[in-house]
Amino acid sequence: MKQTKYTFCRICEASCGLIAELEDGKITSIAPNPDHIGTNGFACKKGLNQHHIYDSPDRLKYPLKRIGDRFERISWDQALQEIGSKVKALRQTSPQSISMYVGTAAGFSILHPIFAEGFMQGIGSHNIYTSSTQDCANRFASASELYGFPFYQPFVDLDNVKCMIVVGTNPVVSKWTFLQVAHPAQRIKELNARGARTIFVDPRYTESAKVGTDHVFIRPNSDVFFFLSFLHELIVQEGIDRECVSQYMSGLSDLENLTKHWPAERTEKLTCIPAAKLKEMVHLYITSQASAIVTGTGIGMGKHGTLAHWLAECINAVSGNLDRKGGLLVGQGIFDFGKFAQKKNLFNRTRRSRIGNFREINGGFPGGILADEILTPGDEQIKALFVTGGNPLLTMANSARLRNAFKELELLVVTDIHLNETASLAHYILPATSPLERPDLPFVFPLFMGMQSKPYLAATEAIVEPSGEQRDEATIYTDLASACGVGLFGTQAGQSALRLLKTGNSLFRGNKQPALPQKFLMDQLLRMNKSGSFKAHLKNVNGSPWRGAIPGTFLGKRPTTDDGKVHLAPPLFLMQAQTLEKVFIEELASLESGELRLISKREHLTHNSWTQNIEELTRGKMGQTNYLYMHRDDAARHHLHDDAIADIHSKTACIRLPVRLTDDLMPGTVAVPHGWGHQHAQGLTLASRIAGANVNLLAADGTEAIETLSGMSHLSGIPVRIEPANGPLDTGSWSGIAETGLPEKSGLV
Ligand SMILES: Nc1nc2c(c(=O)[nH]1)N[C@H]1C(S)=C(S)[C@@H](COP(=O)(O)OP(=O)(O)OC[C@H]3O[C@@H](n4cnc5c(=O)[nH]c(N)nc54)[C@H](O)[C@@H]3O)O[C@H]1N2
Ligand SMILES: Nc1nc2c(c(=O)[nH]1)N[C@H]1C(S)=C(S)[C@@H](COP(=O)(O)OP(=O)(O)OC[C@H]3O[C@@H](n4cnc5c(=O)[nH]c(N)nc54)[C@H](O)[C@@H]3O)O[C@H]1N2
Ligand code: SF4
Ligand SMILES: [Mo]
């Protein structure tokens, strides 16, 4: 039987509206939905081919248990019971010995992260790690200090902005971050067509920069100095909206004191942005009247991501562009999340990590100390880890060390749709439903914070049934809580209610896996917040019109700082800024020595580490390996040419990759895409046969390698040394290439 079903994509923030064609319950094709009011017929190749990922013969269908170096199918009852009894035993000694890593795929389901967090609350452990210290904890740390709430993330008013300065994000490939924008290339072109200036500040002449009106190269990791000079110049050119600042903000004089040491003439040597160019940019930013600086992971993954992001936010705020038409808006979702969080004291936990004394940011500790937390003996040493919707062994810093740490765990439970490299080390693997096998509401940022460039609300059914025993994560974590003898969210009454709901719902599911009534739970969320019903939104297959972010609704009204003002100069940040003199000297020395800096590079056809197991996304030369991208002058200096094989050395490891020459990188900067190097994944048949190396072998972990204000790992701007390879192309090693030049093979278990 043929059917047509409407849904939306849950791979990235664009959340494109999709139409799936089905035959006998299986998806045969996916097309963009041309009538969708938010995404207007846009979708990318990943989204349109996702059914091949979920229908792959490698898809996890049953719970698995590792016996020796093999996995055996077991029943859900056995898996839950055995995991539960191990957790109970560990919990008696220390609840903190049980930890969780929440990956980015979890964020693309509304219930998954809530129930995973609820499980950890039930366990009584605060040892939670998330992929946010790989991508955005700097933004959360900054917003917590400035506005009192991590999720106040101002976003550009794309419809009205006249001068947009984009620093460290490549929306044409990534499809924007911290804002839902479908078809970014078209949106940027629309801006240009109505006379706006779109300036990209990036060490690479990116796909986005090519669409923008201007591009400026910047030395990796020097953004903090660029923003210091920008703010300095903004003050000199009298671009401060003093009335707005005095009414709604505090701390301007501290910023003035800080920036006076950093005129553009001083920082140009390091940033490689001529002072005259920066002054011109500031002039344009001031005179355009509707301006915005937009940042992304390029600065977050750098060394001083929190300070850099903080300064960018300050520039937007003190110039009067925050909360103004054409500047930056602070959205609101189906409820006032900021007020709610303040009332419930949600994000003000003050715990410190056992290793390194790091603060919790958004209820999570830095991923960069996870290996140390596992390897360092002590009362709260981590002995068990739940990994949910992530693949830390490819995506986190110093993967080789992390992998050795994971081998020491007494219990590793991975909930995923594939047997990836992290799952390959697990004691138990729990198969999850795929995005298209679960009902859902939009991504948390639009739903809770209104972070959309075209506002709408939507709901989707599960459009296909799982073909095995896969379960949704809300059900998995409720069952795990029962098996571990704890109540989800720490309440036994709540746990009993959820169990009842699940039993009731499962009665009507015939042969299907038992499950919580997900649609009912999401319906309650909508109704509680007077946002319609799940059913009503389902009917609007093209999205339901929704209120957009309104200028003038934030300042003086919603910040949740103690005095309701924007705190421009948090003491913690000012203190950290004192170290910048030393940093500047070191960075300059590095530049002058000709030291190469390695940055990341996202690609159209890969999504972090999980899209390389299907033919549709790996065809052609570019789909068979990642490359080392180099400027041709750098390559010549290092005796390298197109397709030559290079060894890339960092402080932690060496990886070997073929070279691709480009004129798009600034000299002194090289780039390697992440998420590659699947040779040790037991269950990724295709991906494990293709080439490529894991670039995160080159990133350092441990307390010294972490950005202290936010706990961010340093994954971009890494100092590297490059030379022609003195051995064969790497076909898959965990510790990189040994110094002898021979690929070091390590066994799986
Ligand atoms: N060098 C370098 N490293 C980086 C980055 C970089 O730019 N450079 N980028 C970083 C960024 S931005 C991020 S967010 C992190 C990502 O880090 P992770 O979240 O650890 O990695 P992903 O590869 O996104 O892993 C997602 C996993 O979820 C699984 N999955 C997909 N759908 C579902 C589902 O519905 N349920 C469940 N349970 N699992 C599902 C996939 O199979 C995959 O294994 O890594 C980062 N690491
Ligand atoms: N196709 C695809 N789309 C994705 C993903 C994917 O893996 N593939 N991942 C998704 C995820 S999880 C996220 S978080 C978002 C991230 O979305 P973005 O933040 O847009 O990520 P990138 O595309 O990596 O853009 C980072 C940019 O920063 C630049 N850069 C690197 N170092 C520096 C520096 O020191 N200074 C400056 N100024 N720039 C620098 C890089 O050259 C790059 O252009 O993308 C999402 N979308
Ligand atoms: S752009 Fe993102 S949301 Fe849209 S189809 Fe591609 S992966 Fe899915
Ligand atoms: Mo991310």
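Structure values in brief
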quantity: The lone exception for residue 440 - which of (1) under 30 Å from residue 84 (Cβ atoms); (2) more than 16 Å from ligand 3 (Cβ to nearest atom); (3) open to solvent by less than 10 Å² (accessible area, probe 1.4 Å) it fails; calculated: (2)
quantity: Answer residue from region 145-170, given it is in contact with a Phe, Trp or Tyr (Cβ under 7 Å, 6 or more places away or on another chain) and open to solvent by 20 Å² or more (accessible area, probe 1.4 Å) and is farthest from ligand 1 (Cβ to nearest atom) among those; calculated: 145
quantity: Residue check, residue 68 at pLDDT below 95 and among the small types (Gly, Ala, Ser); calculated: yes
quantity: Members of region 61-72 found to be open to solvent by less than 60 Å² (accessible area, probe 1.4 Å) and closer than 18 Å to residue 515 by Cα, listed by number; calculated: 63
quantity: Filtered residues of region 229-263 (kept if hydrophobic (A, V, I, L, M, F, W, C) and within 19 Å of residue 309 (Cβ to Cβ)); calculated: 230, 231, 234, 249, 252, 255, 258, 262
quantity: Pair list, Cβ under 6 Å, 6 or more apart: region 244-258 residue surrounded by fewer than 15 Cβ atoms within 10 Å (Cβ to Cβ), other residue modelled with pLDDT of 95 or more and of a type in the set (Lys, Arg); calculated: none
quantity: Meets criteria (open to solvent by 20 Å² or more (accessible area, probe 1.4 Å), outside any helix (DSSP H, G or I) and under 30 Å from residue 154 (Cβ atoms)) for residue 512; calculated: no
quantity: Qualifying residues in region 645-683 (those that are open to solvent by 10 Å² or more (accessible area, probe 1.4 Å) and hydrophobic (A, V, I, L, M, F, W, C)) - the one nearest to residue 395 (Cα to Cα); calculated: 653
quantity: Residues that are in a loop (DSSP other than H, G, I, E, B) and open to solvent by 10 Å² or more (accessible area, probe 1.4 Å), drawn from region 313-333; calculated: 319, 323, 324, 325, 332
quantity: Output for region 349-377, where each listed residue is surrounded by 14 or more Cβ atoms within 10 Å (Cβ to Cβ) and of a type in the set (S, T, N, Q); calculated: 353, 362, 376
quantity: Yes/no for residue 123 being more than 30 Å from residue 383 (Cα to Cα) and of a type outside the set (Ser, Thr, Tyr); calculated: no
quantity: Filter result for residue 605 (assigned to a loop (DSSP other than H, G, I, E, B) and open to solvent by less than 20 Å² (accessible area, probe 1.4 Å)); calculated: no
quantity: Some residue of region 487-504 being more than 30 Å from residue 62 (Cβ to Cβ), assigned to a helix (DSSP H, G or I) and in contact with a His (Cβ under 9 Å, 6 or more places away or on another chain); calculated: no
quantity: Residues (part of a helix (DSSP H, G or I), crowded, with 24+ Cβ neighbours inside 10 Å and of a type in the set (A, V, I, L, M, F, W, C)) located in region 283-312; calculated: 299, 307, 308, 310, 311, 312
quantity: Number of positions in region 414-455 that are of a type in the set (A, V, I, L, M), part of a strand (DSSP E or B) and either modelled with pLDDT under 95 or under 30 Å from residue 654 (Cα atoms) (or both); calculated: 1
quantity: Condition broken by residue 434, with the remaining ones in (1) within 12 Å of ligand 1 (Cβ to nearest atom); (2) out of contact with any strand residue (DSSP E or B) (no Cβ under 6 Å at 6 or more places or on another chain); (3) without any contact (Cβ under 8 Å) to a residue 40 or more places away in the chain satisfied; calculated: (3)
quantity: Test: residue 330 is touching a Pro at 6+ places or on another chain (Cβ under 7 Å), under 30 Å from residue 714 (Cα atoms) and β-branched (Val, Ile, Thr); calculated: yes
quantity: Condition check for residue 186: in contact with a strand residue (DSSP E or B) (Cβ under 6 Å, 6 or more places away or on another chain) and over 30 Å from residue 574 (Cα atoms); calculated: no
quantity: Among the residues listed as 75, 85, 99, 29, the single one being polar (S, T, N, Q), buried (at least 20 other Cβ atoms within 10 Å of the Cβ) and away from ligand 2 (no atom under 16 Å from the Cβ); calculated: 99
quantity: Residue check for residue 126: part of a helix (DSSP H, G or I) and in contact (Cβ under 8 Å) with a residue 40 or more places away in the chain; calculated: no
quantity: Pick from region 38-55, criterion more than 22 Å from the chain's Cα centre (by Cα) and more than 17 Å from residue 458 (Cα to Cα), ranking: farthest from ligand 4 (Cβ to nearest atom); calculated: 55
quantity: Complete set of residues in region 626-644 that are out of contact with any Phe, Trp or Tyr (no Cβ under 7 Å at 6 or more places or on another chain) and open to solvent by less than 50 Å² (accessible area, probe 1.4 Å); calculated: 627, 628, 629, 630, 631, 634, 635, 638, 640, 644
quantity: Total residues in region 563-581, condition out of contact with any helix residue (DSSP H, G or I) (no Cβ under 6 Å at 6 or more places or on another chain) and either β-branched (Val, Ile, Thr) or modelled with pLDDT under 95 (or both); calculated: 1
quantity: Condition check for residue 154: within 12 Å of ligand 2 (Cβ to nearest atom) and either touching a strand residue (DSSP E or B) at 6+ places or on another chain (Cβ under 6 Å) or at pLDDT 95 or above (or both); calculated: no
quantity: Members of region 33-60 that are within 16 Å of ligand 2 (Cβ to nearest atom) and crowded, with 17+ Cβ neighbours inside 10 Å; calculated: 39, 42, 43, 44, 46, 47, 48, 49, 50, 53
quantity: Top-ranked residue in region 149-205 [being under 24 Å from residue 47 (Cβ atoms) and small (Gly, Ala, Ser); ranked as nearest to ligand 4 (Cβ to nearest atom)]; calculated: 174
quantity: Close pairs (6 angstrom Cβ cut-off, 6 or more residues apart or separate chains): farther than 15 Å from residue 137 by Cβ in region 349-371, not in a loop (DSSP other than H, G, I, E, B) anywhere; calculated: 355/369; 355/372; 355/373; 371/401; 371/402; 371/405
quantity: Residue check, residue 402 within 21 Å of the chain's Cα centre (by Cα) and open to solvent by less than 20 Å² (accessible area, probe 1.4 Å); calculated: yes
quantity: Residue count for region 171-218, restricted to those that are open to solvent by 10 Å² or more (accessible area, probe 1.4 Å), near ligand 2 (Cβ under 7 Å from one of its atoms) and either part of a helix (DSSP H, G or I) or touching a Gly at 6+ places or on another chain (Cβ under 7 Å) (or both); calculated: 3
quantity: Verdict on residue 232 being more than 26 Å from residue 179 (Cβ to Cβ), surrounded by fewer than 17 Cβ atoms within 10 Å (Cβ to Cβ) and not hydrophobic (A, V, I, L, M, F, W, C); calculated: no
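The values are calculated or read from the model by the stated rules, or taken from the named source; none is laboratory data. This is a predicted model, so every value here is computed, not measured. Here Cβ is always computed from backbone atoms with ideal geometry, including for glycine, and neighbour counts include all displayed protein chains. Note: areas computed on protein heavy atoms with side chains; ligands, DNA, RNA excluded. Shrake-Rupley method; radii C 1.70, N 1.55, O 1.52, S 1.80 Å.
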